[in-house]
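Where a number appears in this text, it was derived from the coordinates with a stated rule and is not lab data. This structure is a prediction, so every number in the text was calculated from the model and none was measured. Here the Cβ positions follow ideal geometry from the backbone for every residue, glycine too, while neighbour counts run over all protein chains shown.
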Amino acid sequence: MTEFDPLSFLTGGNLVTLALALLVILLVFKGVRIVPQSEKYVVERFGRLRTVLGPGINLIVPLIDVVAHKISILERQLPNAMQDAITSDNVLVKVETSVFYRIIEPEKTVYRIRDVDAAIATTVAGIVRAEIGKMELDQVQSNRSDLIATVKASVEDAVDNWGIEVTRAEVLDVNLDEATRAAMLQQLNAERARRAAVTEAEGEKRSVELAADAELYAAEQKAKARRIQADAEAYATEVVAMAIAKHGIEAAQYQVALKQVEALTALGEGEGKQTVVVPASALEAFGDAFRMLKGRG
């Protein structure tokens, strides 16, 4: 049995075959690129952009095409940033912002901007200062959602050439210096006191109005009662006048005599009245009334 000699195996044709096999393996290794789902590869050929490889298996020309950049397309968050800004009513505020973005066109990002995070942070700071400079402090506090929408739209326009999509831009907080905060607190307390005084004055005014309405209502009701009473008296007078016109003076005497009798009867029915003093004229009134009643019957 002959022994295997490595030196004799690597000579001649075997060496060439081995070299070709290694070359093929190298070419396959260099020509096949498997790109993860969360990344994109930027391929260059002789220093120039050739193509952008998406997720999956990709083929390139080995030894000519080179993967120059591996770019993550996951959403990123810039560190929270704090910048000073001055409102249109000259109030200094400190604004805390946060930006979320992702790279959608890596070929623009790698060839048009060196430090994308710093560039976006600087852009956001400038836009926030410019937008707050157009607003008063009260508007900054009350219209924060509008401010966020404006900042997001402005940042998107500014970074469009960098192949970046701004997914969110947040204004996390708007802080004031101590002097401004104390002045605002004093103003708030004064406004509360003013509102309380206005409310109290309106309550007193309403109370006076209601009292006046009640008095007016009572006066109207009294006037209405008097009017009804006057109408009743006028009607009674009219009835008497009609009776006099119809029956002559006897009807008038009858009414007078009847009233006298009613008055004396009421006097006699009073509590504790055992003795009733009747003047002589009253007796005549009784007689007249009885005669008239008898005559009318």
Inter-residue pairs, beta-carbon under 6 Å, first under 20 Å from residue 152 (Cα atoms) and touching a residue at least 24 places away in the same chain (Cβ under 8 Å) and in the stretch 88-111, second among the acidic types (Asp, Glu) and surrounded by fewer than 20 Cβ atoms within 10 Å (Cβ to Cβ), 6+ apart: 94/84; 96/173; 98/170; 100/75; 102/75; 102/165; 104/165
Sole residue being over 30 Å from residue 175 (Cα atoms) and not hydroxyl-bearing (Ser, Thr, Tyr), chosen from 58, 90, 80: 58
Residues (in contact with a Ser or Thr (Cβ under 7 Å, 6 or more places away or on another chain) and of a type in the set (A, V, I, L, M)) located in the stretch 67-77: 71, 73, 74
